[in-house]
Every structure is written in C-alpha cells, then in structure tokens.
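What follows is calculated from the coordinates using simple rules that are stated; it is not laboratory data. Computed from a prediction, not measured in an experiment: that's the story for all the values here. Glycine gets a Cβ as well: all are built from the backbone with ideal geometry, and neighbour counts include every protein chain shown.
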Amino acid sequence: MAFVRSMLKQAIVSMVVSMVVSSSWGFHRIELQSGGALRGEIILERADQYFIDLGFDVIEVPKVAVKSIQDLDSSVVERVDSLPANVLYSLSETQSDQPVREWVDQLGEAVGLVQTPTGLGSGFIIHEDGYLVTNDHVIAGEHKISVTIFEQGERELSRVTYDKVRIVATSSDLDLALLKIETEGDSKPFKVVPLAAVDEGLNEGQTVFAIGSPLGLDRTVSQGIISVANRVINGRLYLQTTTQINPGNSGGPLFNLRGEVVGVNNMKIAAVGAEGLGFSISSRVLKSFLDNRDAYAFDPRNPNSGFRYLSPPKTKRD
C-alpha cells in the first residue's frame with residue numbers, strides 16, 4: 001500500500017511538471033467548509049479539486065469543500081469561490097454555534113409562508129434573486145402560488161406577499177420543489193439562508209430547530225434534537241428529529257446551531273401514542289436536486305407537473 005501511494009505521489013508530481021503547473025503554491029493552510037483544516041503543499045490544481053502533499057501522503061480535496069487558502073509564508077488569505085456561478089445556494093462561513101434565539105432574528109426574513117388555493121406550507125429563500133425551496137406536495141397540482149415574507153424594518157415587522165411565483169423545478173419522488181419569486185423593477189435582494197456544506201457531521205442528540213408556519217401560524221420556532229441521522233422510509237432517506245413538525249411546516253428549513261439548513265421539513269407520524277416523530281429531507285439530497293435542477297425542470301405543458309385539472313361535469317343519462 002505504501003508503495004502504491006509513493007508511486008501515486010511521484011506520478012502526480014511528474015504530472016505537475018509536465019503540465020508546467022508551478023509548485024510555487026508553497027506551504028499552505030487549507031481551511032475547509034466543514035470547519036477542519038489541512039497543512040501541506042498544493043502540488044496540482046484542477047477545475048474541481050486540489051492535490052495536496054501532506055509530506056507523507058497526497059490527497060485529493062474537492063474545491064467545493066474548501067473555504068479559504070492561507071499562504072503560511074506571507075500570511076495572505078485567498079478566499080476560494082468554491083461554487084460555480086450557476087449554483088443557486090450558498091454555504092455558511094460561520095464556524096461557531098449560537099443559541100436559537102440569536103439565529104431567529106437573522107434567519108427569519110428568509111423563511112416564508114407558501115400558499116396555494118388548496119393549502120399552505122413553508123419555504124426558504126436560497127438565492128438573493130428570489131429562488132425558494134419547498135416541498136413538492138405543497139404546490140403539487142397548482143399553478144397559482146403566493147409567498148409571504150416577513151421583513152424586519154427599523155421599528156416594525158412588515159408582511160410582504162408576492163403573488164407572482166413561478167415553478168422552476170419539481171420532483172414528486174424527492175418531494176422537493178424550486179420556486180422563483182418574480183419581482184418588478186429594481187427590487188432589493190432577498191435575505192437568504194445558507195446550506196450546510198456537509199451533513200456527515202450530523203449526530204444523534206445534536207440540537208436542531210425549525211422555522212415555519214404550522215397550521216398557518218407564521219414565524220413559529222420549534223426546537224429538538226436529531227433522533228436518527230439516516231432513517232429510511234419508503235425508499236427515501238430522512239433525518240428523524242424530535243423537533244415539532246406539523247401541517248404547514250412542510251417545506252420549511254431545519255437548522256443546526258451554526259445557522260445552516262441541514263434538512264427540509266417534510267412530514268410527521270401522527271398516531272395514538274406517537275410523539276416526537278418528525279422527518280426532514282437531508283440537505284445532501286436537496287443540494288443534489290438543486291445542482292441537477294435541469295433534470296427536474298417544470299414543464300407547464302405536462303399535465304402531471306403542476307397544473308390542477310378539474311373533472312368535467314357529469315351528464316345525466318336518459
């Protein structure tokens with residue numbers, strides 16, 4: 001095994017020389033989106049990854065996992081734009097936990113009430129242009145959608161409702177939908193919430209909280225813990241949580257104490273004697289849906305993709 005690693009290291013170094021990629025990167029501290037860090041020499045950079053020589057081994061690090069690169073010789077920090085321009089979501093730069101009460105004011109403006117003629121749910125804005133995530137079952141079969149955002153002013157909270165909302169992508173299998181709030185003129189950017197860079201760090205017992213509109217009661221906050229980090233139900237992978245999830249919470253965000261979205265609230269088990277059984281779609285699944293949104297693009301000509309068709313009236317037979 002050591003021989004293979006040595007050969008790999010030599011092959012990469014040779015590749016660097018042959019591609020005339022300078023090794024003047026020098027010795028660096030590579031800070032990761034997950035909060036960890038590496039020290040080593042970047043010997044090769046590609047479009048989507050770095051090859052880092054740790055001295056005893058060479059590892060590959062995806063650029064999407066890198067937050068910043070610090071030159072230890074000059075103490076200059078280079079912020080890494082790890083996400084391509086067409087990525088709609090952002091990743092958190094916050095590394096420390098805060099109490100729930102501190103996060104509510106910061107994140108509340110990015111969580112909205114999603115309404116249709118037949119129901120309601122919650123959603124959260126992931127891009128300043130007005131892209132919003134919710135559950136597919138919240139908007140399924142509908143084309144008239146409104147989103148209400150609660151904007152914090154200097155002295156009061158304003159309730160702003162947007163009636164022009166477009167379906168961008170939707171998947172009934174994943175139960176996820178991407179909406180776009182259409183605004184007129186030069187409107188100010190929307191407040192957004194970041195997604196967790198990685199969710200492998202979720203552990204049973206970890207504190208999480210939800211913001212949403214259960215039963216239409218907007219701006220409701222509930223707190224709980226992760227009960228199981230990878231629960232499979234009907235072929236779908238969920239986060240099981242004790243956070244109270246009720247009708248109207250569907251499509252809303254589940255946050256960790258770093259203010260990152262770790263899940264999309266989806267459902268609860270309601271039965272006699274059953275308590276604290278809420279389920280959220282993992283942020284890993286959400287990011288895959290957003291990254292491949294073209295595959296789930298909404299087509300208004302398809303009768304199975306968002307429009308509700310009424311049954312024709314019955315005729316009396318003679």
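Worth a mention:
- Ascending count of other beta-carbon atoms within 10 Å, so fewest first, for Ser172, Ser227: Ser172, Ser227
- Cα-based shape type of segment 107-201, given that a ≥ b ≥ c are square roots of the gyration tensor eigenvalues and the cut on a/c is 1.5: oblate
- Sequence-distant aspartates and glutamates (8 or more away, or on other chains) whose Cα lies within less than 12 Å of Lys188: Glu128, Asp129, Glu151
- Relative packing of 130-138, 283-291, 160-168, which averages over residues the other C-beta atoms within 10 Å, highest first: 130-138, 283-291, 160-168
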